[in-house]
Every structure is written in C-alpha cells, then in structure tokens.
Amino acid sequence: MMWWRRGRLAAGSSVRGAGGWELLLVAALAPWASPAAADEVPTAPSGAEHSAQTLPRDSPGRRPWDASIGGVLVYGPEFAGSDRQSLRLNPGFYLRWDRISIATRGGFRSASEPGERGGLRIDLSPSERWRINVGLRYDLGRQESSSGQLMGMGNIPSTLRVRTSATYKLWDGWSAGATAVFDALGRGGGWQGDAHLGRELRFSPDTTWSLGAALAYAGDRHMQTYFGVTDEQSLRSGYPVYTPPAGMRDLSAAVNARTELGGSWHMFYGGSAARLLGPAAASPLTRQRDVWSANLGLVYRF
C-alpha cells in the first residue's frame, strides 16, 4: 500500500543540484510533505469559501489558533493516465496560527475550505469575498517502481512547489478563481495553472456539500516531465519518443461533503473525475483518458 502519492521525472531530463539554502528549506518542510502529487489529475475546486464552523477570520471572538489530526483513505489511479487503481491510507494534520496554516490535505482544516489543498499557506485575503493565498508544498517525488506502467521512465526527485490562488465569492454560494503552481527548485516540475468555478450548499445543520469544475493548463516542461518520453526512456521502457508542447492538461469535476459528528470530530468524503486533454491525452503513457478517485477521512479537532 502506498502511503504517499508521488510524481515522475523524465530520466533524461537534467536536474539541478540543490544548494545549501535549498537543502535547509527542504529539510525544514519535509515533515509537512503533501500527499498530493504534481502529476496527478487535479481535483476540481469544490465551491466557495465557507466558515460556518468557525467565526469570520477577523472576528474578535475567534481564537488565534486551530489544530486537528486524522486519517484519510484515498482510492484513485496510480498516476495521471493510468488504468490501474490503488487504495492508500494517509495520516494527516492541520495547524493554524492567525493567517498562517499548514495542512496535509484541505479536509483536515478546522472549517470547510473547498478547493484548498495541503501545504504551508499564508492567507492574504483582503476580505471574505476576495480570497487570496500564497503557499508552499513539499513534493516527495516518485519512484518508477510505484507502478509497473512506469518502469524505465526514471524517478522524480523531491522538490518545493509554490502555489498562488485567488478566488472571488459571487452569489448564492458560487465562487470563481484561478490557481498557479511553480517548481521553486527547478527540478522538472515546470508550471501549471487552472481556472475554476464552484458552489457550496448547506444540506443540513451538520453537513455541507460542495461541487466544482476546473480547466487546467501546463507549460512544456511540465508536460515533458509527466507525459513526455525521451530517447533514453524510450530505449528502457519501450514507449515511443514523445515531446509534448504546452497546452490544456485536463478538465475535472468534484463533489465533496463535510459532516460534523459531534464534539470535536468531523468527517469528509467525496469523489472527483477528470478527462485528460491535448498533449496529456496524446501521451503514450496515457492508458486511460478518463480517471476518477474517491476519498473518506476522519478528523479530530483540538
């Protein structure tokens, strides 16, 4: 059973060695590595920001910190484009002090914050309507041995990713926004981004549902790393040589829910589906263009 999802790097790609500051930064963030992989089909953001379980961010009655721990079961493809599914159990946690927070996954946060993934995050939002965040996520990388379909493709090294996002709350629970992610250490991740639309609905006093869709785009380096095949990789793996350009990567949709169980416990659950597009869909690594995943998590808040 895999404990962490990982990305893959074209073995023929050059990898810049980490400098001293990079090693210190990676070492500091290693315990907070996110289980989300850079080469996974992104889960669509699933609605507007919602703070029904906590007071507004700037309310005098809101305590300055929050914390939670738990675990989540994830069933999904071994990598983007794979036709093989796997089940993983991932531990998780969330810590917040004022506007700075860190989480292994968005569902572990003390209040529903759809569309937010794991990692270190700084909330720069000027208002409840405009949500602006800048964050860091440590990507553990991936071994080709994690899937038989990747044998000969080489490994991706760990890296640090910078994530920026902006979301505007529209009306009646609707929101729209955009996200951009960059490989801060230049280790083959390149950049990717998406535009998303979502809505959040109150199903009952204890349960909130959220749904959304996103259209993702990626640069040529990202496409080459995760969907391309170099000459060397072709010789080792048997896949034909493939050099994808920048382009649309996938269209995804998600439905998620959060239920308060009483006391300090809550659970989150949902699923997502995506269709690979353009250069990603044309890759020889893509065995299946349509992929899906499901998750179920249990969280204890302090």
So which residues in segment 260-299 are out of contact with any helix residue (DSSP H, G or I) (no Cβ under 6 Å at 6 or more places or on another chain), buried (at least 16 other Cβ atoms within 10 Å of the Cβ), over 30 Å from Gly228 (Cα atoms) and not acidic (Asp, Glu), if there are any at all?
His266, Met267, Tyr269, Gly270, Leu298
Look through Phe79, Phe93 and report the one residue that is part of a loop (DSSP other than H, G, I, E, B), surrounded by 15 or more Cβ atoms within 10 Å (Cβ to Cβ) and modelled with pLDDT of 65 or more.
Phe79
Going by the structure shown, is Gly188 surrounded by 21 or more Cβ atoms within 10 Å (Cβ to Cβ), more than 22 Å from Phe268 (Cα to Cα), in contact with a helix residue (DSSP H, G or I) (Cβ under 9 Å, 6 or more places away or on another chain) and in contact (Cβ under 8 Å) with a residue 60 or more places away in the chain?
yes
Those residues of segment 198-211 that are of a type outside the set (D, E, K, R) and crowded, with 20+ Cβ neighbours inside 10 Å come to a total of 5
In this structure, is Glu128 closer than 25 Å to Ser252 by Cβ and either at pLDDT 90 or above or out of contact with any Ser or Thr (no Cβ under 6 Å at 6 or more places or on another chain) (or both)?
no
Given the options Arg287, Arg301, Arg221, Arg236, name the one that is of a type in the set (Lys, Arg), touching a residue at least 60 places away in the same chain (Cβ under 8 Å) and within 26 Å of Gly186 (Cβ to Cβ).
Arg236
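The values are calculated or read from the model by the stated rules, or taken from the named source; none is laboratory data. Because the structure is predicted, anything quoted here is derived from the model rather than measured. Positions of Cβ are backbone-derived with ideal geometry, glycine not excepted, and every protein chain shown enters the neighbour counts.
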